[in-house]
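Trainee: Here you go, one structure.
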Amino acid sequence: MGLEKKIEEISSEMNNFQVTTPEELEAFRIKFLGSKNCIKGLYQELKTVPNELKKEFGQKINALKQEGEVKFETVKSQVGAANNGSNKEIIDLSRPAEEMAVGSRHPLMVVRNEIIEIFNRIGFNVSEGPEIEDDWHNFSALNFPPEHPARDMQDTFFIEKGENEMALRTHTSSVQVRVMENSKPPIRTISPGRVYRNEAISARAHCFFHQVEGLYIDKNVSFADLKQTLQYFAKEMFGDKTRIRLRPSYFPFTEPSAEVDVSCTLCNGDGCNVCKYTGWLEILGCGMVDPAVLDAANIDSNIYSGFAFGMGIERITQLKYRVGDLRLYSENDIRFLNQFKSAY
Ligand code: DAH
């Protein structure tokens, strides 16, 4: 190999030599500047070059040697370790940054916010009440007389029994009583919140869950208003093709009462295993506010009427995101929660 080629080769090797640690710096020094460095051999070979070219090649080799010294000094100050012996690595500012883990909203809160937004758009505000409730707001004012068997519909966690009975609220209907007591019609409000029932935890039941209560009171509120409001909600939540159907039901605080189904979000009503081949999925309970409930809150039932509805946020989330097991919501499994990162 000619001398010129060798100079070029060593030069490119020197340029490509990666130095980021003190060890690599030392390897560089030994190779290009040390007592047995590879440039020395080039001076030997200079002897074989014709006289008239000796000057030119001599200068090239000198330049190469200098190049090595300059690179060594530069990287030495970067590595910052050659002299003081510390093991610090140089920081490469051009490296892409590591991804920072950011939190995301819980799926139940994503859906709760969406429900709030949907009802905000048609003039409903948001109201809240306490999770520890007295008998009046959770039961009596909602037309559950003492010893009424309907109280058994909801397995209550009592905090204090007897005169000053206090319990964890079993539903957010308690908030509608508080709103009626504290404001005058027209009332348009939804009340999201956590509720508690003494149930064994399984895939389909939990001792706490979340509901959204809705209440609309004004003059001349009719069942048609209720139906239209729920139809609007179902389309906004599950898509434009969604239909609803109402089945007669019973709740102490509404008369008449109904349970509402939406056309299956998966098969659109054709029948599949999600809707158990019925084409329908139950989403909420509702009805016209019982006059006794209006009167209990000092709203004149001869002048005003209203409708109410209550839905489980877990249920809506289950249908929207196909969550098969209620326990997933409270287990804090990051593999589950991470799937809602793109939701807002
Ligand atoms: N409070 C009921 C429950 O927890 C749900 C409900 C049904 C609320 C009908 C209502 C309603 O306001 O009208 O099962």
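Trainee: What percent does the relative contact order of the range 107-343 come to when contacts are Cα pairs within less than 8 Å and at least six residues apart?
Mentor: On the way: 451 pairs, mean separation 49.1, N = 237.
Here the relative contact order equals 21 percent.
Trainee: When ligands, DNA and RNA are left out and all protein chains stay put, how many square angstrom of accessible area per residue does the chain have with a 1.4 Å probe? Don't jump to the answer; show the numbers that get you there.
Mentor: On the way: 19280 Å² over 344 residues.
Each residue of the chain exposes 56 Å² on average to a 1.4 Å probe.
Trainee: Also, quick follow-up: Show THR170, THR278, THR265 ordered by accessible area, largest first, where the area counts protein heavy atoms only and the probe is 1.4 Å.
Mentor: THR278, THR265, THR170
Trainee: Next up: Lone cysteines in the chain, defined as no other cysteine's Cβ under 4.7 Å from theirs: which are they?
Mentor: CYS38, CYS207, CYS286
Trainee: Which one, PRO146, GLN78, GLN176, is farthest towards the positive end of the dipole of the range 62-201 when Lys and Arg carry +1 and Asp and Glu -1 on their Cβ?
Mentor: So the residue we want is GLN78.
Trainee: Cross-link partners among aspartates and glutamates for LYS60, C-alpha distance below 15 Å, same-chain residues fewer than 8 apart left out?
Mentor: Correct list for LYS60: GLU4, GLU8, GLU9, GLU45, GLU52, GLU69.
Trainee: Another question about this same structure. With r as the distance between the Cβ atoms of MET109 and ASP155 and R0 = 30 Å, compute the FRET efficiency 1/(1 + (r/R0)^6) and round to 0.05. Write down the numbers at each step before the final one.
Mentor: Details: r = 26 Å, r/R0 = 0.86.
The pair ASP155/MET109 has a calculated efficiency of 0.70.
Trainee: Next question, about the same structure. Determine the shape class of the range 173-251: with a ≥ b ≥ c the square roots of the Cα gyration tensor eigenvalues, call it rounded for a/c under 1.5, and otherwise prolate if a/b is greater than b/c, oblate otherwise.
Mentor: Values: a/c = 2.10, a/b = 1.18, b/c = 1.79.
The shape class here is oblate.
Trainee: Could you give the length gained on full extension between ARG247 and GLU131, defined as 0.36 nm per residue of separation minus the Cα-Cα distance, in nm?
Mentor: Working: separation 116, 0.36 × 116 = 41.76 nm, distance 2.99 nm.
Extra length available between ARG247 and GLU131 comes to 38.8 nm.
Trainee: OK, next. About the Cα centre of the chain, what is the dipole size in debye to 20, counting +1 per Lys and Arg Cβ and -1 per Asp and Glu Cβ, all else neutral?
Mentor: Working: 41 positive and 49 negative charges, 354 e Å.
Result for the chain is approximately 1700 debye, rounded to the nearest 20.
Trainee: With a 1.4 Å probe and all protein chains in place, put TRP136, TRP280 in order of accessible area, largest first.
Mentor: Details: TRP136 100, TRP280 55 Å².
Sorted descending by solvent-accessible area, the residues read TRP136, TRP280.
Trainee: Within the accessible area of the chain, what % is carbon and sulfur when the probe is 1.4 Å and the other protein chains stay in place? Let's see the in-between values first.
Mentor: Details: 9530 of 19280 Å².
Accessible surface attributable to carbon and sulfur in the chain totals 49 percent.
Trainee: Continuing with the same structure: Dimensions of the range 60-199 along principal axes (Cα, Å, largest first)?
Mentor: Taking max minus min along each principal axis of the Cα atoms, the range 60-199 gives 105, 38, 24 Å.
Trainee: Hey, for a label at GLU165 modelled as a point 7 Å past Cα toward Cβ, could you say which residues of the range 130-150 have their backbone N under 14 Å away?
Mentor: Within reach of a label on GLU165: 133-150.
Trainee: Could you work out the Rg to Rh ratio of the range 107-343, with Rh taken as the Kirkwood radius (inverse of the mean 1/r over all Cα pairs)? Don't skip to the end; give the middle numbers.
Mentor: On the way: Rg = 17.7 Å, Rh = 18.5 Å.
When Rh is taken as the Kirkwood radius, the ratio is 0.96.
Trainee: How big is the Kirkwood radius of the range 2-86, worked out from every pair of different alpha carbons and given in Å to one decimal?
Mentor: Numbers: mean 1/r = 0.0734 Å⁻¹.
Here the Kirkwood hydrodynamic radius works out to 13.6 Å.
Trainee: Taking the Cβ-Cβ separation of THR21 and LYS341 as r and a Förster radius of 35 Å, what is the calculated FRET efficiency to the nearest 0.05? The partial results should precede the final answer.
Mentor: On the way: r = 37 Å, r/R0 = 1.07.
The pair THR21/LYS341 has a calculated efficiency of 0.40.
Trainee: Here is a follow-up. When DSSP assigns beta bridges and you keep just the ones with both residues in the range 107-343, what percent turn out antiparallel, to the nearest 5? Each step should come with its number before you reach the end.
Mentor: Details: 43 of 45 bridges.
Beta bridges within the range 107-343, antiparallel portion: roughly 95 percent.
Trainee: Determine the alpha carbon to alpha carbon distance for each of LYS320/LYS341; LYS47/LYS71; LYS47/LYS76; LYS40/LYS71 and list only those over 25 Å.
Mentor: With Cα atoms farther than 25 Å apart: LYS47/LYS71; LYS47/LYS76.
Trainee: Gap in Å between the Cα centre of the range 127-195 and the Cα centre of the range 227-248?
Mentor: 27 Å
Trainee: Can you grab the distance from the C-alpha centre of the range 323-344 to the C-alpha centre of the range 270-284, Å, no decimals?
Mentor: 23 Å
Trainee: While we're looking at this one, here's another question. Can you find, among ASN164, VAL111, PHE253, the residue sitting farthest towards the positive end of the charge dipole of the chain, where Lys and Arg contribute +1 and Asp and Glu -1 at Cβ?
Mentor: VAL111
Trainee: Under a point spin-label approximation (7 Å from Cα along Cα-to-Cβ), what is the LEU53-LYS227 distance to one decimal in nm?
Mentor: Taking the two extended label points, one gets 10.2 nm.
The values are calculated or read from the model by the stated rules, or taken from the named source; none is laboratory data. Only a predicted model underlies this, so the values are computations on that prediction, with no experimental measurement involved. Because the Cβ atoms are built from the backbone with ideal geometry, glycine has one as well, and the counts that use them run over all protein chains shown. To get the accessible areas, we keep the full protein, side chains included, count just its heavy atoms, and leave off ligands, DNA and RNA. Shrake-Rupley method; radii C 1.70, N 1.55, O 1.52, S 1.80 Å.
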